[in-house]
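The values are calculated or read from the model by the stated rules, or taken from the named source; none is laboratory data. The shown structure was predicted, so the numbers you read here are calculated from the model rather than taken from an experiment. With ideal geometry, Cβ positions are generated from the backbone for all residues, glycine too; neighbour counts draw on all protein chains shown.
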Amino acid sequence: MDIAVVGAGAAGLMASGLLANRGENVVCFDHNEKAGKKLYITGKGRCNFTNLCEPVEFLSNVVRGEKFLRSSIYNFTPQNCIDFFESLGLESKVERGNRAFPQSDKSSDVIKALERHCKEVKFKFGSKITSIYKNGEKFVIILDGEKLTFDRVILATGGVSYSATGSDGSGYRFAKAFGHTINELVPALCPIKIKGLKQLQGLSLKNVTLKGLIDGKKREFFGEMLFTDEGISGPIALTCSSYINRAKEVKLSLDLKPALDYEKLDARLLRDFDENKNKNISYVFKGLLPSSLVPVFAERVGIALDKKVNAISREERKRILETLKDFKLDYCGLYDINAGIVTSGGVELSEVNPKTFESKLVSGLYLIGEMLDVDALTGGFNLQIAFATAYSCAENM
Ligand SMILES: Cc1cc2nc3c(=O)[nH]c(=O)nc-3n(C[C@H](O)[C@H](O)[C@H](O)COP(=O)(O)OP(=O)(O)OC[C@H]3O[C@@H](n4cnc5c(N)ncnc54)[C@H](O)[C@@H]3O)c2cc1C
């Protein structure tokens, strides 16, 4: 069989190698000059290539497409992924939160392993495909004015974020031309824009809870975050972005003291006030908050920093308490989609068979990886999705 794979990223390389190794004639196209450009920058250059957990737990980290991905994640589990890379000579290690990395900490070693896997694949790099269409039972790919024919086509062109890596969204055009619905593309795992807190840029907070009221539904994200030039980023902000990216109404706030409920925090304030009666309130604030947050916090609660603790009214103490537990963030959207670690949205899942990844609209056409309307949290889940969808596609073709 003559098979064209468009995209030499995580999904395209996995599928190409599997098919070529069983004797199919596979040509893998990429408009980049080499394979795995996005893979190279994953995991800050270390490539967190899967998450070594059970499929059930894995699926709970999928934000969109959980049901659709069930079959492929069970068919090619995170353990299978580790074994697959080991069979290609790549040793791995598992870190906090079951995150699997190459032992060498080098994403380039993951790419090299995939290149070894693809030694029977014919690559066409730097290729600008103008169009792909079906003529009878055959697919025709127009490349630099030349017509190439194939029995099967796999689209593995990724999303639209970090477009400099090659995933510039041009692949969706091919899917659309075959009649597929492309659901709105929105950023996921993306920094969040917050108005009016520029002065906090660079401040990172640990052990805080980012609280969201998302289209009327409450969600909380506990952990670390940091303030950026235009808003917030870091683990909990990125996670939160994946849940608010399609919402109509979003309200965000921070619980700066999540370990203490209102009563306990009030008791702590009373104790602090009692011990520091004759000091300025700034002294108490500094014991509760990082110093760069103190002036912003004082302005929020409307109390001058040089006000004496013994002059703080009951009403003011209540405001301090409420602001510590519910520090409102003026949400004004997400960063540009190019800044998202993954793209949410893409090829409508009801149009694709979740076992084979064959299009339900066009026989012989397959769609895998991030171009599908699936996305997951950070921790190696998104690459595992790319590998698992590619695996099931190749295995069942
Ligand atoms: C900074 C960053 C860090 C990340 N870190 C992690 C991590 O540590 N762990 C994790 O699980 N996930 C991570 N991800 C997400 C992960 O990289 C992607 O989900 C994954 O690469 C998707 O694989 P894919 O094969 O579907 O798409 P891609 O890897 O994007 O590959 C698509 C390929 O198709 C090619 N292509 C596109 N259009 C065309 C066209 N028209 N013609 C020819 N070729 C085309 C592109 O050049 C590209 O090579 C990270 C993402 C980013 C941006």
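Kindly provide the set of residues from the range 347-385 that are over 11 Å from the mean Cα position of the chain (by Cα) and part of a strand (DSSP E or B), ordered by number. Can you show your working first?
Step one: of the range 347-385, the residues over 11 Å from the mean Cα position of the chain (by Cα) are 347-369, 371-373, 384-385.
VAL347, VAL352, GLU358, SER359, LEU365, TYR366, LEU367, LEU372 - these are the residues of the range 347-385 that are over 11 Å from the mean Cα position of the chain (by Cα) and part of a strand (DSSP E or B).
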Hey, could you check the range 163-191 for residues that are crowded, with 21+ Cβ neighbours inside 10 Å and aromatic (Phe, Trp, Tyr) and say which is nearest to the ligand (Cβ to nearest atom)? PHE174
Tell me, please, whether a residue that is acidic (Asp, Glu), more than 16 Å from the ligand (Cβ to nearest atom), assigned to a loop (DSSP other than H, G, I, E, B) and farther than 30 Å from CYS393 by Cα can be found in the range 128-143. no
Residues in the range 1-38 that are within 24 Å of SER71 (Cα to Cα) and within 7 Å of the ligand (Cβ to nearest atom) total 7
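Quick grid of which residues meet (1) closer than 23 Å to LEU189 by Cα; (2) of a type in the set (Gly, Ala, Ser); (3) surrounded by fewer than 24 Cβ atoms within 10 Å (Cβ to Cβ):
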| site | (1), (2), (3) |
| --- | --- |
| ALA20 | no, yes, yes |
| ILE41 | yes, no, yes |
| ARG46 | yes, no, yes |
| VAL56 | yes, no, yes |
| GLU86 | no, no, yes |
List pairs: first residue in the range 38-59 and closer than 13 Å to ASP105 by Cα, second residue surrounded by fewer than 20 Cβ atoms within 10 Å (Cβ to Cβ) and among the polar types (S, T, N, Q) anywhere in the structure, Cβ distance under 7 angstrom, at least six positions apart or on different chains. TYR40/SER108; ILE41/THR165
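If you check VAL160, VAL121, which single one turns out to be closer than 17 Å to ALA35 by Cβ and either within 9 Å of the ligand (Cβ to nearest atom) or surrounded by 16 or more Cβ atoms within 10 Å (Cβ to Cβ) (or both)? Lay out the reasoning, then the answer.
Details: VAL160 fails: closer than 17 Å to ALA35 by Cβ.
Selected residue: VAL121, the only one of VAL160, VAL121 that is closer than 17 Å to ALA35 by Cβ and either within 9 Å of the ligand (Cβ to nearest atom) or surrounded by 16 or more Cβ atoms within 10 Å (Cβ to Cβ) (or both).
Residues are listed down the side, and each one gets a yes or a no for (1) in the same structural domain as ASN382 (by TED's automatic domain parsing); (2) without any contact (Cβ under 8 Å) to a residue 24 or more places away in the chain; (3) in contact with a helix residue (DSSP H, G or I) (Cβ under 7 Å, 6 or more places away or on another chain):
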| site | (1), (2), (3) |
| --- | --- |
| LYS195 | no, no, no |
| GLN199 | no, no, yes |
| LEU203 | no, no, yes |
| VAL208 | no, no, no |
| GLY212 | no, no, yes |
| ASP215 | no, no, no |
| LYS218 | no, yes, no |
| PHE221 | no, yes, yes |
| THR228 | no, no, no |
List every residue pair whose Cβ atoms sit under 9 Å apart, with the two residues 6 or more apart in sequence or on different chains, where the first one lies in the range 162-180 and is of a type in the set (S, T, N, Q) and outside any helix (DSSP H, G or I) and the second, anywhere, is more than 7 Å from the ligand (Cβ to nearest atom) and at pLDDT 95 or above. SER167/VAL160; SER167/THR343
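Going by the conditions given, is ALA298 buried (at least 19 other Cβ atoms within 10 Å of the Cβ), away from the ligand (no atom under 16 Å from the Cβ), aliphatic (A, V, I, L, M) and closer than 30 Å to SER253 by Cα?
Numbers: buried (at least 19 other Cβ atoms within 10 Å of the Cβ): yes; away from the ligand (no atom under 16 Å from the Cβ): yes; aliphatic (A, V, I, L, M): yes; closer than 30 Å to SER253 by Cα: yes.
It is true that ALA298 is buried (at least 19 other Cβ atoms within 10 Å of the Cβ), away from the ligand (no atom under 16 Å from the Cβ), aliphatic (A, V, I, L, M) and closer than 30 Å to SER253 by Cα.
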Failed item in (1) over 13 Å from LEU155 (Cα atoms); (2) within 8 Å of the ligand (Cβ to nearest atom); (3) out of contact with any Cys (no Cβ under 8 Å at 6 or more places or on another chain), with MET371 passing the rest: (1)
Criterion first (over 30 Å from PHE174 (Cβ atoms) and either more than 16 Å from the ligand (Cβ to nearest atom) or out of contact with any strand residue (DSSP E or B) (no Cβ under 6 Å at 6 or more places or on another chain) (or both)) does LYS355 satisfy it? no
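Here's the yes/no breakdown for (1) surrounded by 13 or more Cβ atoms within 10 Å (Cβ to Cβ); (2) of a type in the set (Lys, Arg); (3) assigned to a loop (DSSP other than H, G, I, E, B):
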| position | (1), (2), (3) |
| --- | --- |
| LYS248 | no, yes, yes |
| LYS251 | yes, yes, no |
| LEU254 | yes, no, no |
| LYS257 | yes, yes, yes |
| ARG268 | yes, yes, no |
| ASP272 | yes, no, no |
| LYS277 | no, yes, yes |
| PHE285 | yes, no, no |
| VAL294 | yes, no, no |
From the list ILE312, ILE368, pick out the single residue that is among the hydrophobic types (A, V, I, L, M, F, W, C) and not assigned by TED's automatic domain parsing to the domain that holds PHE174. ILE312
